[in-house]
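A.B. asks: Below: one structure in structure tokens.
No lab work stands behind these numbers, since they all come straight from the coordinates. All values derive from a computational prediction rather than experimental measurement. Here the Cβ positions follow ideal geometry from the backbone for every residue, glycine too, while neighbour counts run over all protein chains shown.
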Amino acid sequence: MGDMVSPPTGIDLLKAELPVDQEAFVLNGDVKTGLVMVDLVNGFCTVGAGNLAPMQPDKQISGMIEESVRLARAFCDKKWPVFAFLDTHHRGVPEPPYPPHCIAGTDEANLVPELQWLENEANATLRRKDCIDGFIGCVEKDGSNMFVDWVVNNQIQAILVVGICTDICVLDFICSALSARNRGLLSPLQDVVVYSRGCATFDLPVRVARAAKDVIAHPQELMHHIGLYIAKGRGAKVVSEVTFS
């Protein structure tokens, strides 16, 4: 008998019906590019660090951190602009439907150990945000927007987005950035690029969700793919690798 071929999984079938074509992205300095890092904080990335942190080592998340660190190092070596969001919430102020997480003043709201050096980089801008959408989280009391100012002041033509979660904070930020670009608020920004291996989301399998109360299933690989698919549909470029020439 010949080799047995495994039947396609549900995710395989979905990817065939909803493909996300990805290309390689080469940074050569000709297009002014800024790196945007979304929520690489302990509360989302470090095992056991909080209510929304992974409960055990997670390959997708660790790979995302590794790629994000690689890019951050390269951007900082080249003195290119970096913008890092840090999810940070005030104690006693809920963010439905999520349990308390990344409370200000706790280690949950701090960058993962592999990225703490970023706090001392002159070309890095750090922004603590108290909502899912980092673009909204950059609105100041006077109506100005810290992210908009960063793009305009640095004359950024493209942003490269990495972080967590692909289908939540990353996606919401991308959609807002694309809408702002289309309205001319982010001139000279043209391209919003999301790096698939530089993004990750959490895993909550159906079997686990069914055993819990008021919890929605969130299979990791499926939701990661859906996040990328929606981002591409909104006009972002999805890339599978990032290199420097």
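A.B. asks: Using alpha-carbon pairs under 8 Å, 6+ residues apart, how would you state the relative contact order of the chain in percent? The partial results should precede the final answer.
C.D. replies: On the way: 441 pairs, mean separation 62.6, N = 245.
Dividing the mean separation by the residue count of the chain yields 26 percent.
A.B. asks: Assuming R0 = 35 Å, what is the FRET efficiency of residue 209 and residue 182, from their Cβ-Cβ distance, to the nearest 0.05? Show your work: numbers first, answer last.
C.D. replies: On the way: r = 36 Å, r/R0 = 1.03.
Using R0 = 35 Å, I get an efficiency of 0.45.
A.B. asks: At 7 Å along Cα-to-Cβ for each site, give me the label-to-label distance between residue 107 and residue 18 in nm.
C.D. replies: So the label points at residue 107 and residue 18 sit 3.7 nm apart.
A.B. asks: Moving on to the next point. Please arrange 204, 115 by counting, for each residue, the other beta carbons lying within 10 Å of its beta carbon, fewest first.
C.D. replies: Details: 204 16, 115 20.
Listing 204, 115 from fewest to most nearby Cβ atoms yields 204, 115.
A.B. asks: Nearest 500 deg cm²/dmol is fine: what mean residue ellipticity at 222 nm does the chain get from its DSSP H runs of n ≥ 4 alone, each adding -39,500 (n - 2.57), divided by its residue count? Before the final figure, lay out the partial values.
C.D. replies: Working: 7 runs with 75 residues, N = 245.
Here the helix-only value at 222 nm equals -9000 deg cm²/dmol.
A.B. asks: Need one word for region 149-245: rounded, prolate or oblate. Basis is the Cα gyration tensor (sqrt eigenvalues a ≥ b ≥ c); a/c below 1.5 gives rounded, then a/b vs b/c decides.
C.D. replies: Details: a/c = 2.99, a/b = 2.06, b/c = 1.45.
Prolate, since a/c reaches 1.5 and a/b exceeds b/c.
A.B. asks: Further question on the same structure: Once label points are set 7 Å from the Cα along Cα→Cβ at both residue 149 and residue 90, what is their separation, rounded to one decimal in nm?
C.D. replies: 2.0
A.B. asks: Mind checking which lysines have their Cα closer than 19 Å to the Cα of residue 237? Skip sequence neighbours fewer than 8 apart in that chain.
C.D. replies: 15, 32
A.B. asks: Over the chain, with a Gaussian network built from C-alpha contacts below 10 Å, which listed residue (150, 117, 80) shows the highest mean-square fluctuation?
C.D. replies: 117
A.B. asks: Could you line up 98, 195 from fewest to most neighbouring Cβ atoms inside 10 Å? Numbers along the way, then the final one.
C.D. replies: Details: 98 13, 195 24.
Final ranking by Cβ density, sparse to dense: 98, 195.
A.B. asks: Here's a follow-up. For the chain, set up a Gaussian network in which alpha carbons nearer than 10 Å are linked by springs, and say which option among 39, 149, 133 fluctuates the most.
C.D. replies: Fluctuation is largest for 149.
A.B. asks: Using a basic spin-label model with each label point 7 Å from the Cα along Cα→Cβ, how many nm lie between residue 30 and residue 5?
C.D. replies: 4.2
A.B. asks: Restricting to region 11-244, what percent of DSSP beta bridges are antiparallel, rounded to 5? Write out the running numbers ahead of the final one.
C.D. replies: Details: 4 of 35 bridges.
The antiparallel proportion sits near 10 percent.
A.B. asks: Quick check on the exposure proxy: order 79, 141, 237 from fewest to most C-beta atoms within 10 angstrom.
C.D. replies: On the way: 79 10, 141 5, 237 17.
Taking fewest neighbouring Cβ atoms as first place, the list is 141, 79, 237.
A.B. asks: Further question on the same structure: What residues have an amide H closer than 5 Å to that of residue 84, excluding those fewer than 5 places away on the same chain, when H is modeled at 1.01 Å from N in the peptide plane?
C.D. replies: Counting only residues 5 or more places away or on other chains, the set is 37, 125, 126, 127.
A.B. asks: Follow-up. Apply the Karplus curve 6.51 cos²θ - 1.76 cosθ + 1.60, θ = phi - 60°, to the phi angles in region 39-54 and return the couplings in whole Hz, x for Gly and Pro.
C.D. replies: Values per residue, Gly and Pro as x: 6, 7, 10, 4, x, 10, 10, 9, 3, x, 7, x, 4, 10, 8, x Hz.
A.B. asks: Related question: Quick one: work out the % antiparallel among DSSP beta bridges in region 159-239, nearest 5.
C.D. replies: Details: 1 of 9 bridges.
That works out to approximately 10 percent antiparallel.
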